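Contents: one structure, followed by commentary.
None of the figures in this text is laboratory data; all of them are computed from the coordinates on show. Just so it is clear, the model here is predicted, and its values are computed rather than measured. With ideal geometry, Cβ positions are generated from the backbone for all residues, glycine too; neighbour counts draw on all protein chains shown.
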């Protein structure tokens, strides 16, 4: 492996994680693990001779449920008494949650013929210890995928955890898993960053009210933010306890009742059968997002009898209607509490693995005006990870600078931005802003001027006054590369000016649109 290092983005959800990077191509790439999974279940399983994570671990829910654990990340930093809906394997130690795991000694061929049964040793693991093991595996998968050592990461967390102790504990856990640098950002901010990366320059350079509708595994979160030239401010957030699991429950109950009606077998008290049916129902739900009708099959569901049934999208939509309406009410509460009107919302971003349901998407769209853009063209369970990768790229390229290191100390996204507008002086001495204040850096702007066959002169100022010379003079620039002696100005010929502004430099690229002749000037600021 190369000694080169890089950063990754991590969407660390309750049920699944996704990894992303910008280190392989110029674009944001989702990292697949060794099993080819782009979405990696938050699940670990202890076997007799191995430790499994992700899909391999989740498959053990049927065969090794006692030693297979999910959703442990959700309780990091919590006290035992604060945890609702406790896992049966969860115990208490000094007021903190721990999991009881049966650890068997390694298999020994010499003892194969011994009749006495080997008793397992009960060991306790905290949620933090399990998370470290899980993240160590993710880090290894990412390094194998990229071919570089992973130095740092940007990890998404719910807004509710951004400013409390749980977030600080999570950062500590991530560092113990081998990441030198860690920044946490809110899930809505990461989603907005992902779509900003796809937007045109015109879309980015303005104030926008953006609603993020996030239907995850545990809950539905509705968050309204203002994006002011890349500075993301949360206006309102509401949450309701409706998630992908509840839609899975609908299918589990439907197929369970169908099986009982056909075979007169009740599986309500059969934990193994219910687990097998739930895993099959999750796949059925995903298929219904793209098919009108699908089947659900489970071999030997109970008493050696197979289950096979079908369901169509119309019936599933009807059964899901109540849950979807709860999500819509949460959106309405979010907008009402923000003092923003529905008609003032410019964009709606739909994310979360369960949001793939066409009925959910159409119902959300029906709440808004026709001119409100509904954005769902990024894979809904990958958008947050992509936003984290974009922020990770920014930090990795500038981590040695004090102002960027300060970002790692904050549990919220604070991008470097222009503190005062940058612009030029016109012929009347007025200040014409080109790059407004609060614009996130680096930034790019374009404008055109007529080719008058005379040297181009620009006086760049920075400030907020409408009069140019009352602001700070940054630089005076003269460009005479396009002057041809003895020639007259050509009517309609334009010079295209592109400004690239970073925290250190202003780079001016000028090009004659007709002849394609170009020149470049760099100014230290």
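The Cα atoms of region 5-186 give a gyration tensor whose axes a ≥ b ≥ c have a/c of 1.5 or more with a/b no greater than b/c, which makes the shape oblate. Ranked by the mean number of other Cβ atoms within 10 Å of their residues, highest first, the peptides 176-182, 76-82 fall in the order 176-182, 76-82. Measure nothing fancy, just the Cα-based angle from helix 165-176's long axis to the longest principal axis of the chain, in degrees from 0 to 90, nearest 10. On a 0 to 90 degree scale, this one is about 90. Between region 273-301 and region 221-248, the C-alpha centres lie 29 angstrom from each other.
Once each part is reduced to its C-alpha centroid, what is the distance from region 25-56 to region 372-398 in angstrom? First find each Cα centre; the distance between them is then 20 Å. The C-alpha atoms of the chain define a longest principal axis, and helix 383-398 lies at about 50 degrees to it. With the highest mean first, a sort of the peptides 131-140, 249-258 on other beta-carbon atoms found within 10 angstrom per residue produces 131-140, 249-258. Taken along its three principal axes, the alpha carbon spread of region 30-87 comes to 38, 31, 17 Å, from the longest extent down to the shortest.
Across all directions, the average flat footprint of the convex hull enclosing the Cα atoms of region 244-318 is 4.6 nm². Relative to the dominant Cα principal axis of the chain, helix 271-288 is inclined by about 30°. Measuring nothing but how far apart in sequence close Cα pairs (under 8 Å, 6+ apart) lie, relative to its length, region 5-186 scores a relative contact order of 24 percent.
Considering only alpha-carbon pairs that sit under 8 angstrom and 6 or more positions apart, the relative contact order computed for region 237-310 is 25 percent.
Working note: Cα atoms of region 210-277, range along each principal axis, descending, whole Å: 61, 18, 16.
Remark on region 1-59: hydrodynamic radius 12.9 angstrom, per the Kirkwood mean of 1/r across alpha carbon pairs.
Compactness ratio for region 422-524: Cα radius of gyration over 2.2 N^0.38 Å (N = residue count) comes to 1.11. Once you sort the root eigenvalues of the Cα gyration tensor of the chain as a ≥ b ≥ c, which label holds: rounded (a/c under 1.5), prolate (a/b larger than b/c) or oblate (the other case)? Prolate, since a/c reaches 1.5 and a/b exceeds b/c. Think of it as helices only: each DSSP H run of n ≥ 4 in the chain is worth -39500 (n - 2.57), and spread over all residues that comes to -9000 deg cm²/dmol at 222 nm. Computed over region 422-524, relative contact order equals 26 percent, with contacts defined as Cα pairs under 8 Å that lie 6+ residues apart. Put the Cα centre of region 470-525 next to the Cα centre of region 140-160 and the gap is 40 Å.
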